[in-house]
Amino acid sequence: MFLFFRKTWIPVGWLLVSHLAMLWPKDKMPDEKIEWFPHFDKLVHFGIYGGIVFSLFAWLILNGKINPQKKWGWGIALAALATLDGFLVEVLQRTPFINRDYDLADVLFDSIGAVLGLAAVMWFYHKYWAIKKPL
């Protein structure tokens with residue numbers, strides 16, 4: 001199940017595309033703002049970082065890159081790194097070159113997405129991936 005997440009290009013591609021979108025300079029973006037409801041961008045940050053942690057941690061687990069007994073330690077470290085990355089992206093958005101909005105609430109939603117992405121991988125791991133198949 002979820003063999004799709006064994007492919008290396010999934011987490012790497014998601015990481016690159018999302019960072020390209022978040023660090024795209026404001027002057028090269030269209031003038032119209034996409035906001036389907038108030039604070040829509042918070043949902044976007046939540047989804048981006050949930051997807052980063054989910055896809056990368058699922059890749060690590062499904063490809064046997066981490067010891068299953070240490071999965072919680074690796075997962076917490078990955079969620080913390082994702083939160084740090086979200087903060088650094090916000091700092092970079094503040095630079096004159098990118099000139100986009102700096103909002104620490106985005107970092108909060110990045111971290112919530114990262115933690116829930118981790119929780120989702122752990123749920124799938126215990127529900128499906130860790131089950132030993134009978135011979």
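Being of a type in the set (Gly, Ala, Ser), under 23 Å from Lys7 (Cβ atoms) and assigned to a helix (DSSP H, G or I): is that true of Gly113 here? It is true that Gly113 is of a type in the set (Gly, Ala, Ser), under 23 Å from Lys7 (Cβ atoms) and assigned to a helix (DSSP H, G or I).
Every residue, every condition in (1) modelled with pLDDT of 90 or more; (2) exposed (fewer than 15 other Cβ atoms within 10 Å of the Cβ); (3) of a type in the set (Phe, Trp, Tyr), yes or no:
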site: Glu90; (1), (2), (3): yes, no, no
site: Arg94; (1), (2), (3): yes, yes, no
site: Ile98; (1), (2), (3): no, no, no
site: Asp103; (1), (2), (3): no, no, no
site: Ser111; (1), (2), (3): yes, no, no
site: Leu118; (1), (2), (3): yes, no, no
site: Lys127; (1), (2), (3): no, yes, no
site: Ala130; (1), (2), (3): no, yes, no
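Of all residues in segment 24-37, at least one satisfies being aliphatic (A, V, I, L, M) and more than 21 Å from Leu3 (Cα to Cα). Remark: pairs (first residue in segment 63-76, free of Cβ contacts under 8 Å to residues at least 60 places away in the same chain; second residue charged (D, E, K, R) and surrounded by 11 or more Cβ atoms within 10 Å (Cβ to Cβ); Cβ separation under 8 Å; 6+ apart in sequence or on different chains) = Asn63/Arg6.
The values are calculated or read from the model by the stated rules, or taken from the named source; none is laboratory data. All figures in this text were calculated on a predicted structure; none of them were measured in a lab. Note that each Cβ is placed from the backbone with ideal geometry, even for glycine, and that neighbours are counted across all protein chains shown.
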